[in-house]
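Student: Input: one structure, supplied below.
Rule-based calculations on the coordinates, nothing more; no lab input. Quick caveat: nothing in here was measured; it's all calculated off a predicted structure. Cβ coordinates were reconstructed from backbone atoms using ideal geometry, including for glycine residues, and neighbour counts include every protein chain displayed.
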Amino acid sequence: MKLLELLGYYNYWVFAVVLTVGLYAVIRKRNLIKKLIGLSIFQSAVFLLYITMDKVEGGTAPIIQKGVPDQVFSNPLPQVLILTAIVVGVSTLALGLAMVVRIKESYGTIEEHEILGAD
Amino acid sequence: MYIVVSIAILVTMVLALVRALLGPTVYDRVLAVNVFGTKTVLLLSVIAFLYGRPDFLDLALAYALINVVGILAVLEFFQDRFRKQERVDSD
Amino acid sequence: MIYVFALFLLTLLVITAVAIVRTENLFVAVMLTSIFSLLMAANFFILDAADVALTEAAVGAGVTTVIFLSALALTGDWEKPRPGGRTVALGTVGVLAMLLIYASFDKPRLGDPEAPVHQHVAPWYLEKTPEYMDIPNVVTAILSSFRGYDTLGEVFVVFAACIGVLFILGVKPARQTAAAPQPVSGLRHHLIPQVVGRLLVPFIVLFGLYVQFHGEYGPGGGFQAGAIIATGVILYALLEGEAEALRAVPRSVLLALVVGGALLYGAVGVVCMLKGGAFLDYSVLAADPVFGQQLGILVIEAGVGMAVCGALLSIFHAFAARESMT
Amino acid sequence: MIELALDVVSWVLLAVGGACVLIGGIGGLRLPNFYTRIHAASLTDTMATLLIFVGMMLQSGLSLATLKLFAIMLFLLLTGPTATYALANAALLSGLKPEGDTGQSKHGENTQP
């Protein structure tokens, strides 16, 4: 029983590791695009946490089928939050990349230390 | 029966990921992404049947259609860079 | 049994994330990011989140890769490695990981029905949806009707991001390079992808519309449909060249789509107020409240689809136009 | 009786499809250079798609799901080879020459695409 019970927490551990990998990329890497990629990994980890919480044992996706009498459903609420968060995430990512392109044109580099040096 | 097929697909995904990480030339990585995409479509269809909810096949259909866009975008990206390199070499 | 799949795919997810951060070549990082998004969609699907998986698929496979590649084409392709000790960064990140893993032990196990998150609001939604809206897809019902005001906020965020990108990339570059911006021709000499692509684009757009209007009965809705249709037009732009795609869907139409989608959403809210209900309370839209809700959901999903499709496409064209300038 | 026959046939198809997928994965990993790997990956892709989807279609009988399965199979069969062709074409154009019989990949490091 111990292994199966530990297995139940595996999702949270993966969330913790992917979150810290994303944070490491944002902190450590100096290339602005690599920072944005790290940010999107960080975001995906948070999405994974929300969707892990919505799963109910033996439940299916919350789409009510007419015929089936009593059906166990997974929790629809986190899915709604994450659905919009993904599209917003891509839009802000595009905004970030647009700024990186303009930084490259005015500073000639997208390495953070060179930009700070140039100022 | 679906479980055996999904296990086979998952193992192939691992192999494709290893090829994506190792791949010497960049085109190996593009090939790995292509293989990975096709396997995801297969995996999603098999799991939709495994869960007994065949009306979720829309997801696999979406992937089947959209996968090729990423690959062509990569090749377009390479073609531009190759053409820019040629222009730099010529003048 | 789902533990086997979840175990496999989550481990792959961690490996891909670490690989993305470690590679020096940014292009390889973008390729691994598209694998990362494929894995995320598979994970969402296994955890019973069909709508979210479809959104991740529609957005992750096509649009994210294309936007990243356009940005890479305009900036450098290589990342300068950073010498020096990594101990400080690794130390802080390691401590944070330990804390998070320690905190996860008093969380409910995966799929535990008695978990507090399933006790309060979710059962109410699951009961009230057949009663108020009578549509099968509870996620779309919550997204568009119970939390319609919040989704309105989401549409305005996408709208603002699109306008932001257009402003930032609209300005002429400081140093106009001497080379005349030769028209970016599509994959000209690739005959086979062009023929197949020309055959595929209508099906992608048709599938996008199917996802749009199928939002009540199965996984689907405005966000996914907008992303899928945008991916279809991006495929057309890749094959025929960006100028050709602009001729097919000109910029004025794109801006009209973005503004129209957001306005349509707001207008439905105002109409509800005019007919005596609260803002975005669709039951007053028609005589029978259930039909009014369904009508309201259909119209605002169309508004969301238009806004997202227009925003993603104008972002793509802004990047592509920038590419042909430099 | 028919039900049993259908089940057996679809199981066989699924098993062979799974084996095909596995062969493609292993081939993609072990073969020496790019052009041999592209053979392994793409040929078995198309074959496995055919087998697995026909196997599943037999299981689901005449229903909307069968139509969706057929549509997925059709688009996969359409886009898979196209993507592989475009990939091989781009690789050839950018100077990655297929090896003769030397077998070792000339482009060791991926700095030069």
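Student: Pull out a ≥ b ≥ c, the square roots of the eigenvalues of the alpha-carbon gyration tensor of chain A, then state rounded if a/c is under 1.5, prolate if not and a/b is larger than b/c, and oblate in the remaining case. Don't jump to the answer; show the numbers that get you there.
Tutor: Values: a/c = 6.54, a/b = 2.09, b/c = 3.13.
Oblate.
Student: Cα centroids of region C:253-272 and region A:69-113: how far apart, whole angstrom?
Tutor: If you average the Cα positions of each part, the centres end up 23 Å apart.
Student: Using only Cα atoms, tell me the angle between helix B:57-90 and the longest principal axis of chain B; keep it within 0 to 90° and round to the nearest 10.
Tutor: Taking Cα atoms only, the helix is inclined about 10 degrees.
Student: Kindly flag which residue pairs out of A:LYS34/A:LYS104; B:LYS39/C:LYS80; A:LYS104/B:LYS39; A:LYS66/D:LYS68; A:LYS34/B:LYS84 have an alpha-carbon separation exceeding 26 Å in this structure.
Tutor: Details: A:LYS34/A:LYS104 14 Å; B:LYS39/C:LYS80 34 Å; A:LYS104/B:LYS39 37 Å; A:LYS66/D:LYS68 21 Å; A:LYS34/B:LYS84 24 Å.
Too far apart for the 26 Å limit: B:LYS39/C:LYS80; A:LYS104/B:LYS39.
Student: With N set to the number of residues, divide the alpha-carbon radius of gyration of region D:2-90 by 2.2 N^0.38 Å and report two decimals.
Tutor: Details: Rg = 15.0 Å, N = 89, 2.2 N^0.38 = 12.1 Å.
Compared with the compact-globule rule of thumb, region D:2-90 sits at 1.24.
Student: Quick one: which residues, 5+ away or cross-chain, put their amide H under 5 Å from the amide H of C:GLY241? H built at 1.01 Å from N.
Tutor: C:GLY186, C:LEU187
Student: Rounded, prolate or oblate: which fits region B:14-91, taking a ≥ b ≥ c as square roots of the Cα gyration tensor eigenvalues, rounded meaning a/c under 1.5, else prolate when a/b beats b/c?
Tutor: Details: a/c = 8.17, a/b = 2.25, b/c = 3.64.
Taking the square roots of the gyration eigenvalues as a ≥ b ≥ c, region B:14-91 is oblate.
Student: According to the Cα gyration tensor, what semi-axes, each the square root of 5 times an eigenvalue, does the equivalent ellipsoid of region C:135-326 have, listed from largest to smallest in whole Å?
Tutor: Details: eigenvalues 266, 81, 22 Å².
Largest first, region C:135-326 gives 36, 20, 10 Å.
Student: Within 10 Å of each Cβ of A:70-76, how many other protein chain Cβ atoms are there on average?
Tutor: Going residue by residue through A:70-76 and averaging, the value is 6.
Student: Springs between alpha-carbon pairs under 10 angstrom, Gaussian network model over chain C: which of C:GLU79, C:GLU216, C:GLU242 fluctuates most?
Tutor: Of C:GLU79, C:GLU216, C:GLU242, the most mobile in the Gaussian network model is C:GLU79.
Student: Could you tell me how many degrees, from 0 to 90 and to the nearest 10, lie between the Cα long axis of helix B:2-22 and the main elongation axis, the longest principal axis, of the Cα atoms of chain B?
Tutor: 20 degrees
Student: I would also like to ask the following. For A:ASN31, what residues show an amide H to amide H distance below 5 Å, using hydrogens built from the backbone and excluding near sequence neighbours?
Tutor: Long-range HN contacts for A:ASN31: A:GLU112.
Student: Right, something else. Going through region C:264-321, which chymotrypsin sites (Phe, Trp or Tyr not before Pro) have at most 16 other Cβ atoms within 10 Å and a DSSP loop state?
Tutor: Details: sites: C:TYR265, C:PHE279, C:TYR282, C:PHE291, C:PHE316, C:PHE319; in loops: C:PHE279.
Loop-located and lightly packed - C:PHE279.
Student: As an exercise, take the mean of 1/r over every pair of distinct alpha carbons in chain C, invert it, and state the Kirkwood radius in angstroms.
Tutor: Values: mean 1/r = 0.0443 Å⁻¹.
Evaluated on chain C, it is 22.6 Å.
Student: Using the 2.2 N^0.38 Å rule of thumb for compact globular proteins, work out how the protein assembly as shown stacks up: its C-alpha Rg over that value, please. It would help to have the intermediate numbers written out before the result.
Tutor: Values: Rg = 24.2 Å, N = 649, 2.2 N^0.38 = 25.8 Å.
Dividing the Cα Rg of the protein assembly as shown by 2.2 N^0.38 Å gives 0.94.
Student: Please work out the Cα center distance from region C:5-75 to region B:25-80, rounded to the nearest Å.
Tutor: 11 Å
Student: Please list C:53-62, D:85-94, C:67-76 highest first by mean number of surrounding beta-carbon atoms within 10 Å per residue.
Tutor: Values: C:53-62: 30.1, D:85-94: 20.2, C:67-76: 21.8.
My ranking of the peptides, most packed first, is C:53-62, C:67-76, D:85-94.
Student: Sticking with this structure for a sec: Compute the angle between helix D:2-30 and the longest alpha-carbon principal axis of chain D, please, reported from 0 to 90 degrees and rounded to the nearest 10.
Tutor: Roughly 10 degrees, rounded to the nearest 10.
Student: Let me ask something else about it. What nm value, rounded to one decimal, do you get for the distance between C:ASP77 and A:LEU4 when each label is placed 7 Å out toward the C-beta?
Tutor: 5.2 nm
Student: What list of ³J(HN,Hα) values in whole Hz, one per residue of region A:96-109 in order, does the Karplus curve 6.51 cos²θ - 1.76 cosθ + 1.60 (θ = phi - 60°) give from phi, with Gly and Pro shown as x?
Tutor: x, 5, 4, 5, 4, 5, 5, 5, 4, 6, 7, 9, x, 8
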